[in-house]
Amino acid sequence: MTQDDDEREERQLALMRDRIASFRAGTSSIGPTIADLEGLVNALTITPESWRDQFVEEWSVLEIAYAVALHRGTPLPTASSDYQVREALDALDGLLDEREPDRT
């Protein structure tokens with residue numbers, strides 16, 4: 001593992017945090033947020049697999065809520081309108097905090 005690897009991983013994690021913050025703020029909808037988080041978690045190379053698995057488990061809550069809304073033809077869930085989505089976002093933020101303990 002090189003410093004370049006560490007820096008790349010830190011950028012990926014920061015982008016993940018940014019996508020979650022954008023969704024919470026209402027500047028991004030759930031579909032693009034799900035897609036972005038999936039791509040970003042799959043691009044992690046030095047983060048332990050167990051952490052990535054936990055992230056995907058929480059991320060899947062967003063994906064399920066999105067799929068259910070599409071299937072039922074109901075409004076798409078937001079961070080403010082859906083408790084389960086909000087809980088999953090909190091869990092994702094907690095996981096990111098584990099990987100970025102020195103974040104300011």
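Residue-level check: of (1) surrounded by fewer than 11 Cβ atoms within 10 Å (Cβ to Cβ); (2) modelled with pLDDT of 95 or more; (3) assigned to a helix (DSSP H, G or I), THR74 misses just (3). Of the residues making up segment 1-15, those that are loosely packed, with under 11 Cβ neighbours inside 10 Å and either in contact with a Leu (Cβ under 6 Å, 6 or more places away or on another chain) or part of a loop (DSSP other than H, G, I, E, B) (or both) are MET1, THR2.
Out of segment 23-62, which residues are in a loop (DSSP other than H, G, I, E, B), surrounded by fewer than 18 Cβ atoms within 10 Å (Cβ to Cβ), touching a residue at least 12 places away in the same chain (Cβ under 8 Å) and touching a Lys or Arg at 6+ places or on another chain (Cβ under 9 Å)?
Just the residues of segment 23-62 that are in a loop (DSSP other than H, G, I, E, B), to begin with: 26-29, 44-48.
Narrowing the set further to residues that are surrounded by fewer than 18 Cβ atoms within 10 Å (Cβ to Cβ) leaves 26-29, 45-48.
If we keep only those that are touching a residue at least 12 places away in the same chain (Cβ under 8 Å) too, we end up with 26, 29, 45-47.
Hits for segment 23-62 are THR45, ILE46, THR47.
From the list ALA35, ALA43, the lone residue that is out of contact with any helix residue (DSSP H, G or I) (no Cβ under 8 Å at 6 or more places or on another chain) and within 17 Å of LEU15 (Cβ to Cβ) is ALA35. The combined condition, being in contact (Cβ under 8 Å) with a residue 24 or more places away in the chain, of a type outside the set (A, V, I, L, M, F, W, C) and crowded, with 18+ Cβ neighbours inside 10 Å, is not fulfilled by GLU98.
The values are calculated or read from the model by the stated rules, or taken from the named source; none is laboratory data. Everything quoted here is computed from the prediction, not taken from an experiment. In this analysis, Cβ positions are derived from the backbone assuming ideal geometry, glycine residues included, and neighbour counts consider all displayed protein chains.
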